[in-house]
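K.L.:
Below: one structure in structure tokens.
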Amino acid sequence: MRILEMINVSYVYRNKYQTVEAVKNVNVTIEQGKVYAIIGKSGSGKSTLLSLMAGLTLPTEGDILYNGESIKELDLELYRRDKTSVIYQSFNLFPLMTVLENVIYPMELKGLKFKQAKTIAEKHIKSVGLIDQHYMRFPNMLSGGERQRVAIARALATGSKVLLADEPTGNLDEANGELVVKLLIDLAHQDNLAIIIVTHDLGVAKQADLVLQMKDGKLTQLENLNE
Ligand SMILES: Nc1ncnc2c1ncn2[C@@H]1O[C@H](COP(=O)(O)OP(=O)(O)OP(=O)(O)O)[C@@H](O)[C@H]1O
Ligand SMILES: [Mg+2]
């Protein structure tokens, strides 16, 4: 089922000194239950594309549809909060909150009662493979792979069906990177999420259901990775 569509989307960074055409006329359909890898050189527009999908920036031209509806017509704040979640290379956990608090926090923002949020948080923390003894630790008491798992649990707890990951394995060693990617793939397939992973790691890209390549702002789908 299609969940996100970009139609002729372009994005231009414009300031006093220069204009940069970061995304050029992109057309893509994202379906639930699938994992997409986006590869491409540094500066090709991958992160810009993700922030467009996340509603963090609005297209200069073109439109983005969520469940068939233009995100311009939606309450953007709610779209960002409830419909998409972003995971970063540097994890971006709240350093002064425990694992459990990190995952509970976005649900409290949505107005859930603490007890209810705690139950859901525990379910997601378990589902990413962390155990009871991690719950009360602060992020600096976890390994990189464990931190990324917490970030994934926090993203899942928002209930978003679209998970956007910008180099999620960039700060992890190979073995932990593989585990995190496997987790993302399982989640997409089991929980019917659309997961989009920006990566420069071809090993990661190979595991995705579809591979898209950004080249100088343009997006194309690759049939195989050896092109
Ligand atoms: N705030 C900004 N103002 C002006 N230009 C920008 C801004 N952010 C990014 N750019 C430019 O837009 C283009 C795309 O950048 P983007 O960050 O999307 O690339 P990327 O593919 O994610 O690169 P990387 O692999 O290094 O993360 C680059 O030329 C970059 O210099
Ligand atoms: Mg980037």
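The values are calculated or read from the model by the stated rules, or taken from the named source; none is laboratory data. These numbers come from a predicted model, not from an experiment. Note: ideal-geometry Cβ built from the backbone for every residue, glycine included; neighbour counts use all protein chains shown.
K.L.:
Kindly provide the set of residues from the stretch 192-213 that are more than 16 Å from ligand 2 (Cβ to nearest atom), of a type in the set (Gly, Ala, Ser) and closer than 23 Å to Ala153 by Cα, ordered by number.
P.N.:
Result: Ala194, Ala208.
K.L.:
Restricting the search to the stretch 28-67, which residues are without any contact (Cβ under 8 Å) to a residue 24 or more places away in the chain and more than 15 Å from ligand 1 (Cβ to nearest atom)?
P.N.:
none
K.L.:
Determine, yes or no, whether Gly68 is modelled with pLDDT of 95 or more and touching a Gly at 6+ places or on another chain (Cβ under 7 Å).
P.N.:
no
K.L.:
Right, next: Looking at Val86, is it away from ligand 2 (no atom under 16 Å from the Cβ), surrounded by 15 or more Cβ atoms within 10 Å (Cβ to Cβ) and among the β-branched types (Val, Ile, Thr)?
P.N.:
Spelling it out, it is not the case that Val86 is away from ligand 2 (no atom under 16 Å from the Cβ), surrounded by 15 or more Cβ atoms within 10 Å (Cβ to Cβ) and among the β-branched types (Val, Ile, Thr).
K.L.:
Any residue at all in the stretch 68-76 that is more than 26 Å from Gly203 (Cα to Cα), in contact with a Phe, Trp or Tyr (Cβ under 9 Å, 6 or more places away or on another chain) and assigned to a loop (DSSP other than H, G, I, E, B)?
P.N.:
yes
K.L.:
Does Leu112 qualify as being out of contact with any strand residue (DSSP E or B) (no Cβ under 6 Å at 6 or more places or on another chain), assigned to a loop (DSSP other than H, G, I, E, B), more than 16 Å from ligand 1 (Cβ to nearest atom) and within 23 Å of Arg149 (Cβ to Cβ)?
P.N.:
The answer is yes for Leu112.
K.L.:
Within the stretch 69-107, can you find the residues that are in contact (Cβ under 8 Å) with a residue 40 or more places away in the chain and within 13 Å of Leu4 (Cα to Cα)?
P.N.:
Correct list: Lys83, Thr84.
K.L.:
I've got another one for you. What residue, among those in the stretch 41-57 that are outside any helix (DSSP H, G or I) and within 17 Å of the chain's Cα centre (by Cα), is surrounded by the fewest Cβ atoms within 10 Å (Cβ to Cβ)?
P.N.:
Once the filter is applied, the top-ranked residue is Leu56.
K.L.:
I'm trying to understand the selection: among the residues of the stretch 147-184, which are crowded, with 24+ Cβ neighbours inside 10 Å, among the basic types (Lys, Arg) and either out of contact with any helix residue (DSSP H, G or I) (no Cβ under 8 Å at 6 or more places or on another chain) or within 23 Å of Leu49 (Cβ to Cβ) (or both)?
P.N.:
Within the stretch 147-184, Arg154 is the sole residue that qualifies.
K.L.:
Could I ask something else about it? Test Pro139 against the criterion of being farther than 24 Å from Thr199 by Cα and of a type outside the set (D, E, K, R), and give yes or no.
P.N.:
It is false that Pro139 is farther than 24 Å from Thr199 by Cα and of a type outside the set (D, E, K, R).
K.L.:
Continuing with this model, one more query. Would you tally the residues in the stretch 3-40 being among the basic types (Lys, Arg) and surrounded by fewer than 14 Cβ atoms within 10 Å (Cβ to Cβ)?
P.N.:
Residues flagged as among the basic types (Lys, Arg) and surrounded by fewer than 14 Cβ atoms within 10 Å (Cβ to Cβ) within the stretch 3-40 amount to 2.
K.L.:
Looking at (1) at pLDDT below 95; (2) in contact with a helix residue (DSSP H, G or I) (Cβ under 8 Å, 6 or more places away or on another chain); (3) loosely packed, with under 14 Cβ neighbours inside 10 Å, which is the only condition Phe94 fails?
P.N.:
So Phe94 meets the others, but not (1).
K.L.:
Right, another one. Restricting to the stretch 71-83, and then to whatever is of a type outside the set (A, V, I, L, M) and in contact with a Gly (Cβ under 7 Å, 6 or more places away or on another chain), can you tell me which residue is surrounded by the most Cβ atoms within 10 Å (Cβ to Cβ)?
P.N.:
Only one residue fits best here, namely Tyr79.
K.L.:
Follow-up question, since we're still on this one. For Gly203, work out the one condition from (1) surrounded by fewer than 14 Cβ atoms within 10 Å (Cβ to Cβ); (2) in contact (Cβ under 8 Å) with a residue 40 or more places away in the chain it doesn't fulfil.
P.N.:
Result: Gly203 passes all but (2).
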